[in-house]
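Heads up, the thing below is written out as structure tokens.
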Amino acid sequence: MKNKSLLFFFFALLIGAGSLVLASGPGNGLFSDPEKSPNQAQVISDPLPDGERINSQSSGNLKSGNISLDWQTAGPDNVGGRTRTILFDKRDPNALTVYASSVNGCIWKSTNLGSTWNKVNQANANLNVSCMTQTDNNDIYAGTGEYGFTQGSGLYVSTDGDNFTRVPGTEPVTVNNSLEWGYINELAAHNGRIYAATNSGLKYRDSGSTEWLTAKYIDDEGQLQPLSGFVWDVKVGSNGIVAASVDSKVFVSPDGQPNGFINHSKKQVLSDTTLFPEKLPSTGLGRIELAIAPSNPDYIYASATDPYGFFDNVYKSSDKGNSWEIIFPGKSSTIPDIFAISSVSYGFVANTIVVYPNDPDKVLVGGVNMWQGYKTNEGFYYWGNSPVTNYLYGKFDEQYLHELHHTYVFSPKNPKIFLVGTDGGLSINIDGQLEFKTINRNYNVAQF
């Protein structure tokens, strides 16, 4: 009898451990199938219309039919979920006010650099936020939708920092068999113009206008063509330069004109020759994330996967994208695949890169873990990572940094402070070294 009871206990324990999954990342394997590209991957959409969607983070009476349900948060209140965007509020001269958003829902605000968090959007819609930006007039925009997981509900804006409403004309609709505004991957703003990297093109809108237009590039014949493909990323430099990755190619507008983008992905390797060797590959890439150096916007970096989400290379341009070099080689016998765990690729889920504010030759690259690279006196790049940024590190250590990284954001006041968004929520670095502290208290976005 005792043996049966003991057996039942271990069986129940096993079931319980397998049922609860905290901070679940891309565990459904949507992008791990090498036979499927991101455009072929299954998309999981929200089955409920806006009026019927329930926000599980809010409390109060939520009615379904004739049944009145009173929900109260039961926790946990210190376990974060997948966080893809962090924003320092430019209105705070002390750089203590921070916004963070999770694809699990809601926009959260801290006024003490992450020590405590409060949910600011009180709408019943569960905003699965993927990106944020702040314009010159301090309006904050939030894009929704995580491609491959959950469809978004459009673009939202706040003029007071606490209340977000949907921007007219950005509610997802199907146009020519393409769902527009369903997945907003990145936002960027400069001089009154806002860019949105969407699954149906690089959109932009100028200050004072309500019309969204599609950016254009100049083709080899000198004709303007729309950047209407799938856009992973868009970045704007301090001088107005704009870089975007569209359909696994990199386009740059050196003077910031939305109709003046140039295609820099032209390298072709033929059997007997190589065309445009100084350019980025024209084929063979997947997701490309970009970064522009704050201290020298001529420097542009690209963190690229192959078509299956594995590590390709990290590329660098020192001349506004006209020429490129490999500074972090992938597919090497001595360097691990920074986007893979046990031969399973996560590059379509976790890929980020940022340049240090005070050094254009020093960068952070994130995938499964965090990697730091800087230019040596010999002109080469040294790459390394701290044990606490390794997913094999003790997960119950207080300095552990959760695996699968989505965003690194430096404080505008102190280059030794930066925040990290991972599948496990939020962490902070406050001394310039690769040592971190988790700041998930009251950041209620745990994923089960």
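General observations
- Meeting the requirement of 1 or more residues that are open to solvent by less than 10 Å² (accessible area, probe 1.4 Å), the strands (runs of 3 or more DSSP E) wholly within the stretch 117-213 are 129-134, 140-144, 155-158, 184-190, 193-198, 201-205.
- Residue pairs meeting the criteria (Cβ under 6 Å; at least 6 apart or on separate chains; first within 18 Å of residue 313 (Cα to Cα), in the stretch 237-254; second in a loop (DSSP other than H, G, I, E, B) and open to solvent by 10 Å² or more (accessible area, probe 1.4 Å)): 246/229; 247/229; 247/230; 248/285
- Screening the stretch 303-363 for strands (runs of 3 or more DSSP E) wholly inside it with 1 or more residues that are crowded, with 22+ Cβ neighbours inside 10 Å and among the β-branched types (Val, Ile, Thr) returns the ranges 311-317, 352-355.
- Test result for residue 392, modelled with pLDDT under 90, part of a loop (DSSP other than H, G, I, E, B) and either in contact with a strand residue (DSSP E or B) (Cβ under 9 Å, 6 or more places away or on another chain) or at positive phi (or both): no
- In summary, residue 278 fulfils each of the numbered conditions (1) out of contact with any strand residue (DSSP E or B) (no Cβ under 7 Å at 6 or more places or on another chain); (2) surrounded by 15 or more Cβ atoms within 10 Å (Cβ to Cβ); (3) within 24 Å of residue 360 (Cβ to Cβ); (4) of a type outside the set (Val, Ile, Thr) with the single exception of condition (2).
- Selection from the stretch 61-100 of residues that are in contact with a Gly (Cβ under 9 Å, 6 or more places away or on another chain), farther than 15 Å from residue 428 by Cα and not in a loop (DSSP other than H, G, I, E, B): 70, 71
- With respect to the conditions (1) surrounded by 13 or more Cβ atoms within 10 Å (Cβ to Cβ); (2) modelled with pLDDT of 90 or more, residue 106 lacks only one, and its number is (2).
The values are calculated or read from the model by the stated rules, or taken from the named source; none is laboratory data. Note that this is a predicted model, so its numbers are computed, not measured. Please note: Cβ atoms are built from the backbone with ideal geometry, for glycine as well, and neighbour counts cover all protein chains shown. Side chains included, ligands, DNA and RNA excluded: accessible areas come from the protein's heavy atoms. Shrake-Rupley method; radii C 1.70, N 1.55, O 1.52, S 1.80 Å.
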